[in-house]
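Below: the structure, in structure tokens.
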């Protein structure tokens, strides 16, 4: 018995369950995430999908036919040459743009206007004060 090596006991790591606070923080973080599709994408899909979907299905059906199957690969290559990676990646990025809601746009615009007025007033006061000081010093 003494010759046998001691059993190595592995400790199991038990995860603590998520607390209510952690779940609430996680939920607010998920709610703050912008939607993947912005307003132009949603409007475009609503307007164009009824037109484009049948065309896409017709093209898929045409290339599924045996005589035209061989055209898939050359056309895909031509598409990659005509639309270089920059254009394709730019399109992917534009699809991820999310626009603020109308209410948020108004709120942010109002904040920018208020900031501009306050900043402009501060600059005007500093300019007026420096003008008075320099006239008093230089024009004596």
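Bear in mind these aren't lab numbers, they're just calculated from the coordinates by the rules spelled out. As the structure is a computational prediction, the values presented were derived from the model and not from experiment. We place every Cβ from the backbone using ideal geometry, glycine too, and count neighbours over all the protein chains shown.
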Item checked: Separation in nanometres of the label points that stand 7 Å from Cα toward Cβ, at residue 49 and residue 135 -> 6.6
Margin query: Could you work out the pair-distance distribution P(r) of the range 101-140 from its alpha-carbon pairs, with 10 angstrom bin width and percents rounded to whole numbers?
Written below: 28, 27, 19, 15, 9, 2
Next item on the list: Between residue 12 and residue 104, take the C-beta separation as r, use R0 = 41 Å, and let me know the FRET efficiency to the nearest 0.05.
Entry: 0.30
Item checked: In nm, spacing of pseudo-spin labels at residue 119 and residue 61 (7 Å Cα→C-beta vector) -> 5.8
